[in-house]
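Scroll down for the structure; my scribbles are underneath it.
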Amino acid sequence: MTRDLRKPTIIRPFARPMTRRTLLQGAGALGAAGLILPGTMGAAHAEPRRGGTFRIGLGHGNTTDGYDPGLIDNLYAQVFAAARHNQLIEVAADGQLIPEIAESWESADGKTWVFRIREGVSFHSGKTVTVEDVIASLNHHRGDDATSAVKLFFNPVTEIRADGQNIVVTLDAPNGDFPYLMSDYHLAIMPGTDGRIDPTSTDGCGPYIVESFEPGVQASLNRNPNYWKADRGHFDRVEILAILDSAARLNALMTGQVDLIDQIDPATIGMLEARGVANILSIPGNAHYVFPMDSRAAPFNDNNVRLALKYAIDREDMVEKILGGHGAVSNDNPIGPANRYFHAEMEPKTFDPDRAKYYLRQAGLDSLDVSLHVADAAFSGAVDAGALYAETARQAGININLVREPNDGYWDNVWMQKPFCASYWGGRAVEDHMFTTGYASGAAWNDSFWEHERFNELLLKARSEVNEDLRREMYHEMQQIVSFEGAVVIPMNNNYVMATGLNIATPERISANWNLDGFRCVERWWMA
Amino acid sequence: MGALLRMILQRLALGVLTLFVVSVVIFGATELLPGDLASSLLGQAATPETVAALRRQLGLDLPAPVRYWNWLTGALQGDFGVSLANRRPISDMIAARLGNTIFLALYAAALAVPLALVLGILAALWRNSVFDRVSNAGALTAISFPEFFVAYILVLWLAQSGYFPSMVRISPVSTFADKIYMAFLPALTLTLVVTAHMMRMTRAAIINLMAQPYIEMARLKGLSPLRIVLRHALPNALAPIINVVALNLAYLITGVVVVEVVFVYPGLGQLMVDSVAKRDIAVVQAIALIFASAYVLLNLTADVLATLTNPRLMSKG
């Protein structure tokens, strides 16, 4: 390993690559398209080639991380899982579903889904992937004893059974988007014994085999020689390191000790560019930062107050200052530009103190005092974002009292406990998934405790609607309702910002559904 | 010698009692923290059902005294159990990291202690000289900067220019020479942080003795100043120096989490912080006991060594 560490650093102070700032800022407008920035120009898109060690330094990873796919909760665990495992279905870089362990899938009525399981795929242990393994893997997330974070996906599932090389999943109501749920990163296919998987095992059917794993420190994996995808998994070896300190992460990349880092502080992006030792990738996706209000509690139970708060925030300024321009303004819309039915034509909400005052008067108020609870655990820069919000809201006669909460225990004691706080969403590939998780009546993470009759009615209808146009119309109406009657202020969509060494090449299009190419950088990228 | 043995045994017994109290306090304190492992593990993904299911699986639904008792009986049999969070044996998780932490502590001590003693003795010898002032000011400056600042400066000077790695990647297969090379920057950071304390104590203790009549006697005999300091002053100044060295060693074992984070060093501090954040009580307890043991043992060693250097204490019992 010292060999890697002592590798001469490539610092070329005079060979400055073209400045990409302008290009980056245009990225938001491109919408769904993932964007790769041509730092090394031609080389980046050359044919993939096999070989090399891919060293990834991530600002996540705890000593408490384990192997259980149901408990994956941070980027480290997500990338580590993407290296070991396959799911039934993959989300391609353009957002379309493509077959993975499920060779094909179909449903006549949206209620009974048949997935045909690919033959000839083997686990790292050599065992062949069977229908029983797949069922055991899904059942790990289902049932009363399940501790999985995606247990709720399986609430509508009444039965999962084998039928030859197929598995048949029966739902209690039609859901045209069910296959999308099956692409979730928690649903790793693992070998089953007596109908159960061993969640402490590393065995999977993914591109890399675990050599060693020290939680919170590093994981080393070697290429799976029997990987069934011929055109994926190009590296001989992958090393994933937890580097929690952002300066340490940046140093590791600049001194050539790692090839990819995530979570770059916006303030340092310009300096990193100037050094010319890295390619910066800024991928606009569905991820967004939010300020949910408790819609049951006064004053937030009055939609006029909520609208006043929505017009009292300067979204442009926040994208510039909090995201360093690496993001886009959101119109209080949890559905992002990478979604199929994104409603781009809604009336935009600009910072308008007069309009905010107007809505306050409608609510019968001259001024408003609210407390906003923030911590950087909600999202990086949340405290600063709160301060900016308080500043602009004051001009509209709204006095936001900023309460700084500790990061530790934030999700227990603040989120969904305090009436007005900060939070984030990774975004979802499917509209139904996003709405069902965060906005449906009684959903576990409906963090604004919001109930809207028409919205809930549309949600059920749209789920089983087969006509594309009607479906689009319904989802547009729902976005309109959430934006203008919902109880969540959504000022911005944050880009996924990452940086690679000049030795790493990526496909032309990088997936926007999750960070790091949908966590699949390990199997999609290669050494330039 | 019997007295010394008795003292050691007495101190060890007290040490065990201390450890017990520490474990109760730590357990109580972690109980007071809001939230528990189940909800921390699930994070934003926690729903009441999944939290309840996980709590049942982990045995967190049992009352606190029962959990403490289960843990204590296990620990007494040398079984720290498995981490509640990732179900790995705690002894495995800690063993490698304890080794790393001790390696870094000894490395830093091997640099800092001789440096501090030499500087301290020379400063005492050339009291109020330019050397005295410069070394004092330098050491105080180093200790006054926050650790992470010292660390970043070293990274800027020594890592970005390619001399040393900014990140420590120690694995079981690393050779000793590799480890020395890779861990140089964190060790140097810690050296800068702890040297001042030991150096000033050495200087003060020796200067204090230099006013004694027996030193004056030695001087009148015509001995060289270096010989006076080394042969006559230093042996009598050893007790306070040993104490301050022991305290600094304990600090190097228990208090270096910031340096661990900056250099991505896989030591115990980071494990402790993660485990507290996740409420993984079993791991927190085990590490707290290791830290407490480090203090108890180092203080005991310091006392024993200080007694050995003092013939009056030795002959009394």
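Observations, loosely collected:
- Residues (among the small types (Gly, Ala, Ser), closer than 28 Å to residue A:335 by Cβ, touching an Asp or Glu at 6+ places or on another chain (Cβ under 9 Å) and outside any loop (DSSP other than H, G, I, E, B)) located in the range A:50-105: A:77, A:82
- Scanning the range B:142-168 for residues that are within 12 Å of chain A (Cβ to nearest Cβ), more than 12 Å from residue B:259 (Cβ to Cβ) and in contact (Cβ under 8 Å) with a residue 24 or more places away in the chain yields a total of 4.
- Residue match in the range B:192-204 (condition: away from chain A (no Cβ under 14 Å) and closer than 18 Å to residue A:245 by Cβ): yes
- A count restricted to the range A:181-221 and to residues that are out of contact with any His (no Cβ under 7 Å at 6 or more places or on another chain), among the acidic types (Asp, Glu) and either within 25 Å of residue A:90 (Cβ to Cβ) or within 14 Å of chain B (Cβ to nearest Cβ) (or both) stands at 4.
- Counted residues, the range B:118-139 - those being surrounded by 14 or more Cβ atoms within 10 Å (Cβ to Cβ) and of a type in the set (Val, Ile, Thr): 1
- From the list A:477, A:465, the one residue that fits, being more than 30 Å from residue A:281 (Cα to Cα) and modelled with pLDDT under 95, is A:465.
- Extreme residue, surrounded by the fewest Cβ atoms within 10 Å (Cβ to Cβ), among residues of the range A:413-435 that are polar (S, T, N, Q) and modelled with pLDDT of 85 or more: A:417
- When the range A:441-457 is filtered for residues that are away from chain B (no Cβ under 13 Å) and modelled with pLDDT of 90 or more, the ones remaining, listed by number, are A:448, A:449, A:450, A:451, A:452, A:453, A:454, A:455, A:456, A:457.
- Answer from A:86, A:62 - the residue that is within 12 Å of chain B (Cβ to nearest Cβ), surrounded by 24 or more Cβ atoms within 10 Å (Cβ to Cβ) and either more than 16 Å from the chain's Cα centre (by Cα) or polar (S, T, N, Q) (or both): A:62
A quick yes/no check of all residues on (1) over 28 Å from residue B:83 (Cα atoms); (2) free of Cβ contacts under 8 Å to residues at least 60 places away in the same chain; (3) of a type in the set (A, V, I, L, M, F, W, C):
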| site | (1), (2), (3) |
| --- | --- |
| A:134 | yes, yes, yes |
| A:141 | no, no, no |
| A:180 | yes, no, no |
| A:212 | no, yes, no |
| A:220 | no, yes, no |
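- Some residue of the range B:274-281 being assigned to a loop (DSSP other than H, G, I, E, B), among the acidic types (Asp, Glu) and within 22 Å of residue A:241 (Cβ to Cβ): yes
- Unique residue being under 23 Å from residue A:83 (Cα atoms) and either within 12 Å of chain B (Cβ to nearest Cβ) or in contact with an Asp or Glu (Cβ under 9 Å, 6 or more places away or on another chain) (or both) when the list is A:322, A:264, A:280: A:280
- Yes/no for residue A:152 being in contact (Cβ under 8 Å) with a residue 60 or more places away in the chain, more than 14 Å from chain B (Cβ to nearest Cβ) and among the aliphatic types (A, V, I, L, M): no
- Complete set of residues in the range B:260-280 that are surrounded by fewer than 24 Cβ atoms within 10 Å (Cβ to Cβ) and among the β-branched types (Val, Ile, Thr): B:261, B:273, B:276
- Unmet criterion (only one of (1) crowded, with 24+ Cβ neighbours inside 10 Å; (2) in contact with a strand residue (DSSP E or B) (Cβ under 7 Å, 6 or more places away or on another chain); (3) of a type outside the set (D, E, K, R)) for residue A:486: (2)
- Of all residues in the range B:199-212, those being out of contact with any Leu (no Cβ under 7 Å at 6 or more places or on another chain) and buried (at least 24 other Cβ atoms within 10 Å of the Cβ) number 1.
- Given (1) surrounded by 15 or more Cβ atoms within 10 Å (Cβ to Cβ); (2) assigned to a loop (DSSP other than H, G, I, E, B); (3) at pLDDT 75 or above, number of the condition residue B:93 does not satisfy: (2)
- Residue within the range A:143-156 that is at pLDDT 95 or above and of a type in the set (Ser, Thr, Tyr) present: no
- Residue among A:173, A:162, A:188, A:108 that is surrounded by 14 or more Cβ atoms within 10 Å (Cβ to Cβ) and part of a loop (DSSP other than H, G, I, E, B): A:188
- Within the range A:288-320, being assigned to a helix (DSSP H, G or I) and either without any contact (Cβ under 8 Å) to a residue 60 or more places away in the chain or among the basic types (Lys, Arg) (or both) holds for A:304, A:306, A:310, A:315, A:316, A:320.
The values are calculated or read from the model by the stated rules, or taken from the named source; none is laboratory data. Model, not experiment: these values are computed from the prediction. Please note: Cβ atoms are built from the backbone with ideal geometry, for glycine as well, and neighbour counts cover all protein chains shown.
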